[in-house]
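Everything on this sheet refers to the single structure shown next.
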């Protein structure tokens, strides 16, 4: 056990799974190279350094650099998965997946169903997401609700280094297509991560904090904001539960509903745009299945229904923060009292 | 003594504890307390622990309210005789913050567990304490780890070296077992003693760790100074298959919480952190298989497959057996009919984990057992 960054945790999972199973390959733009590779390649290892060192350890046949051709290499990875490999494709920004929707939605997500369970598609698609890096509208979106909408895809949003390694390991060993989304601002966060391989099952929420007053459900980086808000609220005497569902598909409804029934006051924090987002989805599940337990309206803290702005002040205003989360939790807590 | 002001501070159990949540006060301001009286409950990463007072006097002022979290060493309350004026109490509280800062330096230098090579095994071992007493080795049970002894270790380390061991395939020790038998675990423990240059030690074992201690006493009698067995496996027929099977099968929080609740007489005391720690351990590659192999060696359909009663009869060293009366994993009725000379203590308000649920009582029993065994 040692302290590792979110980036190191992902890199370690890739190294260990590639060593464990020769069918695991990685494919994407600029992913080759890294420490130990010769010449110019040494500079790469992925746009965010997550695949560093894989080329040296596993060679060019299993670490495939591609041209700027997302539709081609995502399609190639889906095909490779259907025919026996376990590809991990890397897309620099989730925003670019628009050009490969058919490969993902209509092919990878459908094979198991349309071939009567006889086909498996052990395909992992890693991509970064999220605002806060001054990367403007086309490199900052939080598009996980779009993938969550499609039956046949599993969608993973790790919020900590421990979760990142265990969930990526599970994603690679899983026989279904997995969309694995990494918030750019989390890469340098650190935490305790076991050195050996381990898996975290999908559909198992993490309860980071238990309190009896308000339930805060948050996704990805928003989990940290929720914890900041909960710690501030604790000083005011408002005791919050903070739940990180870890995966949006499958979704751990039981944990969410159980806590909602206990507190009766719910805040959902989602970096995605509000229409048809995770906050809307989880809110509808709670309203439908735990209505009788609610003591206050379900509060949603999300981005507004706009593209991500480039201007720093506007981008800051766009993103949910701990102040907004705390205000929503306070409103839920005092409602009806 | 009469006019001294005594601080009551947030205790520290184990290395990783930096703060604790004050679950409840069992006394009120103005109330008289005596040394040894249970007076406050503190929530930790394992369970909510009832704390006994180290001092006697009047609770003059409670500083940290119920439900609040305070760092280790923080002033929780002040005890003094009623004759001490309020102004002096206030002055004491105000000046305490400066003094409290100093204790942080001590905790930073605290020992951390390290991995010790012991034959084919790499064992995670925490060594603390020092003194004239013979060293003690603490051995956890099935699925446990060094955290089992969170509330025990410091009390035993007052006048001796205490080695707290993660058995193979547990905690921070690698799953290096071939068969997963109790004999193999005992052999690993003996190799750990060699690696630590411990010629002879008191063995303190919980549940399966008790069976491991007995097995070691049987195979290497000269190396054991005394035996302290807490709800040990190996000396009676029954064992809960619901617990063992449930533990092996649970890979999610909710089923694991239900399984672990069986360990305690009062499961509300269990914290979410305990469940999460066990799950993290069970998720590691190789661990579920190793645990399955160990379980298959210990029990089958509610019956134990190991019989170490002869080892207890033939040990020839001071032996103490502690059992929680409400133990739902291995029934406390097995504590009856043990060989003459074995000290048996039944603790009424505890289940399978008396060293957590009744830590003060168990610490007193263990300390006096070790002291009298040292004297022999």
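None of the figures in this text is laboratory data; all of them are computed from the coordinates on show. All of these numbers come straight from a predicted model, not from anything done at the bench. Backbone-built Cβ (ideal geometry, glycine too); neighbour counts: all protein chains shown.
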Checklist entry - Taking neighbour Cβ counts within 10 Å as the exposure measure, how do A:83, A:248, B:18, B:361 sort from fewest upward? => result A:83, B:18, B:361, A:248
Checklist entry - Any idea what angle helix A:222-235 forms with the longest principal axis of chain A, computed on alpha-carbon atoms, 0 to 90 degrees, nearest 10? => result 30 degrees
Checklist entry - Hey, rough spin-label estimate for residue A:192 and residue A:136, points 7 angstrom out along Cα→Cβ, what's it come to in nanometres? => result 4.4 nm
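On average over all directions, what projected area in square nanometres does segment A:176-219 have, based on the convex hull of its Cα atoms? Could you put the intermediate results ahead of the total?
Details: hull surface 20.4 nm².
If I average the Cα hull's projected area over directions, I get 5.1 nm².
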Next on the checklist: Need one number: nm distance between label points at residue B:249 and residue B:68, each 7 Å from Cα along Cα→Cβ, rounded to one decimal.
Outcome noted: 4.6 nm
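Using alpha-carbon pairs under 8 Å, 6+ residues apart, how would you state the relative contact order of chain A in percent? Show your work: numbers first, answer last.
Details: 778 pairs, mean separation 52.4, N = 337.
Relative contact order comes out at 16 percent.
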Checklist entry - How large, in Å, is segment B:114-263 by the Kirkwood hydrodynamic radius built from its alpha-carbon pairs? => result 15.7 Å
Checklist outcome for this item: Cα extents of chain A per principal axis, largest first, Å, are 65, 45, 40
Checklist outcome for this item: Here D for segment B:284-376, in µm²/s, from Stokes-Einstein with a Kirkwood Rh over Cα pairs at 10 °C and 1.306 mPa s, works out to 104 µm²/s
Next on the checklist: Between B:59, B:294, B:47, where does the largest GNM mean-square fluctuation fall for chain B, given springs only between Cα atoms within less than 10 Å?
Outcome noted: B:59
Next on the checklist: Per residue, how big is the convex hull of segment B:6-108 when only Cα atoms are used? Give it in Å³.
Outcome noted: 90 Å³
Item to check | Crossing angle, helix A:322-334 versus chain A [Cα axis fit, 0-90 degrees, rounded to tens] | outcome: 40 degrees
Checklist outcome for this item: For the pair residue B:56 and residue A:114, the simple spin-label estimate (label points 7 Å beyond Cα toward Cβ) gives in nm 8.4 nm
Item to check | Gaussian network model of chain A, springs between alpha carbon atoms under 10 Å - residue of A:173, A:134, A:62 with greatest fluctuation | outcome: A:134
Checklist entry - Per the Debye formula with a single identical scatterer at each Cα and no solvent contribution, what log10 I(q)/I(0) holds for segment A:2-193 at q = 0.10, 0.11 Å⁻¹? => result -0.36, -0.44
Checklist entry - Considering chain B as a Gaussian network with a 10 Å cut-off on Cα pairs, which listed residue, B:113, B:237, B:85, attains the greatest mean-square fluctuation? => result B:85
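Taking 0.36 nm per residue of sequence separation and subtracting the Cα-Cα distance, how much length would be gained by fully extending the chain between residue B:91 and residue B:31, in nm to one decimal? Could the numbers behind the result be given before it?
On the way: separation 60, 0.36 × 60 = 21.60 nm, distance 2.07 nm.
Result: 19.5 nm gained on full extension.
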Next on the checklist: Give me the three principal axis extents of segment A:203-333 from the C-alpha atoms, as integers in angstrom, largest value leading.
Outcome noted: 42, 34, 24
Item to check | Overall dimensions of the protein assembly as shown by Cα: Rg and Dmax, Å | outcome: 28.1, 85
Checklist outcome for this item: Whole-Å distance linking the alpha carbon centroid of segment B:22-43 with that of segment A:229-277 is 34 Å
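Using only the alpha carbon atoms of segment B:114-375, find the Kirkwood hydrodynamic radius as the inverse mean reciprocal pair distance, in angstroms to one decimal. Spell out each step's value before the answer.
On the way: mean 1/r = 0.0558 Å⁻¹.
In segment B:114-375 this quantity evaluates to 17.9 Å.
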Checklist entry - When the label point is put 7 Å from the Cα of residue B:267 along its Cα-to-beta-carbon vector, which residues of segment B:294-330 have a backbone N closer than 13 Å? => result B:328-329
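Please grab the % of Cα pairs in segment A:225-270 that end up more than 17 Å from each other.
Here the tail beyond 17 Å accounts for 38 percent of pairs.
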Checklist outcome for this item: Measuring from the longest principal axis of the C-alpha atoms of chain A, the long axis of helix A:161-173 (C-alpha) lies at a number of degrees, nearest 10, equal to 50 degrees
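Can you give the alpha-carbon Rg of segment A:147-187 over 2.2 N^0.38 Å, where N counts its residues? Kindly include the intermediate steps, with their values, before the conclusion.
Values: Rg = 10.5 Å, N = 41, 2.2 N^0.38 = 9.0 Å.
Dividing the Cα Rg of segment A:147-187 by 2.2 N^0.38 Å gives 1.16.
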Item to check | Order of B:121, A:23, B:202 - criterion: other Cβ atoms within 10 Å of each residue's Cβ, fewest first | outcome: A:23, B:121, B:202
Next on the checklist: If each DSSP helix of 4+ residues adds -39,500 (n - 2.57) and the sum is divided by the residues in the protein assembly as shown, what number results at 222 nm, nearest 500 deg cm²/dmol?
Outcome noted: -9500 deg cm²/dmol
Item to check | Taking A:223, A:94 and counting other C-beta atoms within 10 Å, the order from fewest to most | outcome: A:94, A:223
